[in-house]
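Read the structure below first, then the notes.
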């Protein structure tokens, strides 16, 4: 006589709740809904497994989505550590090109500045001497030009000799060369042409003043000067960075170099929120002697300031792609009775936790080697709800899973 396990139905109060329902099984281990040994359930291969029953209304209520198992491509990923750094093309170390005393500091660390914004003012005796030399060269050039024009007229009228004319011409050329040289020295210090021209215009000019301006728009991330400090030539006094873009520098091990290439897509996992997608723009053509690793650079936009230099993140590099006979999203898989399972739809409203064997995968999709076939309908989203109901029902029934 077949011993039929009592059918347990667990229901949380309201009628519109999931139902945990283990199969009724005989001593032989077959399912017999009506006790008839001659009629086998269509699911003999999975006899004794529990199921969760959900109606269409319940699927909608619990935001559970179903999909049909099908083939698809699965990208092969390498997960490697990475660090966010400032974009090297948008980071400027501001230096003083001439020695002087700090008379004004106009910005503080962390302040946003526009391009050409005044950062600090220095008073430089060396600059005053250079400006004075420029003014002297400018005046000498003017006198040399007047002398040349006079000698040219006299020579044309046969009043003066050709030698005097040529000497005047040489003097003008030398004066122009000297003026041009001093002017270029001022330009090398960062002075614009219109400012240099203003030195010879009407009005007085402070010959000692040296303005330190922001070469780009960005944020002052470092400040190394104080009021009254003596600054030497080429001393770094500010660092300005445009943080609207960053670099993610991914650590690449020696064995990875054969598969990591420029152009590959990379998913940057910050540990919270949605991953950020990017592409490898550069791979160092060498391996560091200290770390024995190379670096892959992924440039990213950072308009919202979410990415901060110094953050450590995970980078998933798509190094290849393989076709899978059955591909499902990672979120569809749950662990039940210490096995990976997928909830497969059976007999309309019933869902069975089907043990599956997982193959290749990434952060989005995995390959299912066995346990579910193409064409079967499974829970793609919300499977955790079914697992919770199943475990709750098993506990109430005295089972240990």
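The values are calculated or read from the model by the stated rules, or taken from the named source; none is laboratory data. The structure displayed is predicted, hence computed values, not measured ones. Here the Cβ positions follow ideal geometry from the backbone for every residue, glycine too, while neighbour counts run over all protein chains shown.
Quick grid of which residues meet (1) part of a helix (DSSP H, G or I); (2) in contact (Cβ under 8 Å) with a residue 60 or more places away in the chain; (3) not assigned by TED's automatic domain parsing to the domain that holds residue 182:
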site	(1), (2), (3)
116	no, yes, yes
119	no, yes, yes
129	yes, no, no
133	yes, no, no
141	yes, no, no
150	yes, no, no
153	yes, no, no
159	no, no, no
163	yes, no, no
*Check whether at least one residue in region 292-311 is without any contact (Cβ under 8 Å) to a residue 60 or more places away in the chain and over 22 Å from residue 88 (Cα atoms), and report yes or no.*
yes
*Could you identify the single residue in 222, 174 that is assigned to a strand (DSSP E or B), surrounded by fewer than 19 Cβ atoms within 10 Å (Cβ to Cβ) and modelled with pLDDT of 95 or more?*
222
*asked:* For region 60-80, check the following and say yes or no: at least one residue is in a loop (DSSP other than H, G, I, E, B), at pLDDT 95 or above and surrounded by 14 or more Cβ atoms within 10 Å (Cβ to Cβ).
replied: no
_On the basis of being under 30 Å from residue 226 (Cα atoms) and either part of a helix (DSSP H, G or I) or modelled with pLDDT of 95 or more (or both), does residue 101 make the cut?_
yes
_Can you find, within region 370-388, the residue that is surrounded by the most Cβ atoms within 10 Å (Cβ to Cβ) among those that are part of a strand (DSSP E or B) and in contact (Cβ under 8 Å) with a residue 24 or more places away in the chain?_
379
*Among the candidates 239, 212, which residue alone is in a strand (DSSP E or B), closer than 12 Å to residue 120 by Cβ and under 32 Å from the mean Cα position of the chain (by Cα)?*
212
*Considering only region 330-342, state which residues are surrounded by 15 or more Cβ atoms within 10 Å (Cβ to Cβ) and in a strand (DSSP E or B).*
334, 336, 340, 341, 342
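Okay, residues lined up against (1) assigned to a loop (DSSP other than H, G, I, E, B); (2) at pLDDT below 90:
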{"position": "291", "(1), (2)": "yes, no"}
{"position": "297", "(1), (2)": "no, no"}
{"position": "305", "(1), (2)": "yes, yes"}
{"position": "310", "(1), (2)": "yes, no"}
{"position": "314", "(1), (2)": "no, no"}
{"position": "322", "(1), (2)": "no, yes"}
{"position": "325", "(1), (2)": "no, yes"}
*Does region 256-266 include one or more residues that are part of a helix (DSSP H, G or I), touching a strand residue (DSSP E or B) at 6+ places or on another chain (Cβ under 8 Å) and either modelled with pLDDT of 90 or more or surrounded by 14 or more Cβ atoms within 10 Å (Cβ to Cβ) (or both)?*
yes
*Where residue 348 falls short, out of the listed (1) touching a residue at least 24 places away in the same chain (Cβ under 8 Å); (2) over 27 Å from residue 269 (Cβ atoms)*: (1)
